[in-house]
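J.: Below is a structure I'd like to ask you about.
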Amino acid sequence: MMNSNRYILLFLLLAGEMLFGQLYVRGSMGISFFTAPAMKDYLNFNYAPADQQVNTFSTSVEFAGEAGYISGGYSYAAEFAYFLNSYTYPFIASQYEFGYGILAPSVIVSSVTSGKGYNLRLGAGAGPRFTTVEETIPGSNVKKSFTSAGVGFLVKAEGNTALSENLYAYIAGDIRYDMNGEPEKDGKGMTSLLTPENLSMNIFSFGIKLGVSYIF
């Protein structure tokens, strides 16, 4: 009987939290400044001309959406972000193309500070990472796709300012480390002409993003 009462009490507490909490959704776009040493070396050693070498830091575009729940000074959210970038180098009567997309779902827990017409959040999260690399070699019109899976971690700070009763302007910055793995096709990795090591898509980045959020 005692255990039954405890379960009932726990259920009532959780139901109360759900009743007085807030659901929200968010959509955003951003730019990510990243360093990927293995990818930089792969492109520079193999295909990038001397006057178009990849820098230590490059940029990629990010599109993201999030759904979450605010309760008791914390938010609990599921974020789905997608990063993409590409490189193209001209060759005689042909060109080299290298592009990638990274799907990065994350579970994020944040502390929330709220005031009249705004809220601030500071949090951290983690989740799986799914990478697709597409490459076209000079002299060939065949685009090959390579895939890998890994895991990533992030810390994020964000601010939301009210535009109306429920609609908010969203601005955020984050730092990420994504261990995206070694892309493969039919069990074979992407190997540099100068080294036998497979290309690794591990990426360290920091990003800025803008968007809108809606709190129900």
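The values are calculated or read from the model by the stated rules, or taken from the named source; none is laboratory data. Since this is a predicted model, take the numbers as computed values, not measurements. Positions of Cβ are backbone-derived with ideal geometry, glycine not excepted, and every protein chain shown enters the neighbour counts.
J.: Scan the range 118-126 and give yes if some residue there is in contact with a Phe, Trp or Tyr (Cβ under 7 Å, 6 or more places away or on another chain) and touching a residue at least 12 places away in the same chain (Cβ under 8 Å), otherwise no.
T.: There is at least one residue in the range 118-126 that is in contact with a Phe, Trp or Tyr (Cβ under 7 Å, 6 or more places away or on another chain) and touching a residue at least 12 places away in the same chain (Cβ under 8 Å).
J.: Continuing with the same structure: Do we have Arg121 as closer than 20 Å to Gly27 by Cβ, surrounded by 15 or more Cβ atoms within 10 Å (Cβ to Cβ) and either more than 21 Å from the chain's Cα centre (by Cα) or not small (Gly, Ala, Ser) (or both) here?
T.: yes
J.: Would you mind stating whether Ser213 is surrounded by 15 or more Cβ atoms within 10 Å (Cβ to Cβ) and out of contact with any Asp or Glu (no Cβ under 7 Å at 6 or more places or on another chain)?
T.: yes
J.: Among the listed residues Tyr42, Tyr82, Tyr96, Tyr89, identify the single one that is modelled with pLDDT under 95 and either within 25 Å of the chain's Cα centre (by Cα) or outside any strand (DSSP E or B) (or both). Let's see the steps before the verdict.
T.: On the way: Tyr82 fails: modelled with pLDDT under 95; Tyr96 fails: either within 25 Å of the chain's Cα centre (by Cα) or outside any strand (DSSP E or B) (or both); Tyr89 fails: either within 25 Å of the chain's Cα centre (by Cα) or outside any strand (DSSP E or B) (or both).
Result of the check over Tyr42, Tyr82, Tyr96, Tyr89: Tyr42.
J.: A further question follows. Looking only at the range 39-72, which residues are among the aliphatic types (A, V, I, L, M) and either touching a Gly at 6+ places or on another chain (Cβ under 8 Å) or farther than 30 Å from Arg121 by Cβ (or both)?
T.: Those that are among the aliphatic types (A, V, I, L, M) and either touching a Gly at 6+ places or on another chain (Cβ under 8 Å) or farther than 30 Å from Arg121 by Cβ (or both): Met39, Leu43, Ala48, Ala50, Val54, Val61, Ala64, Ile70.
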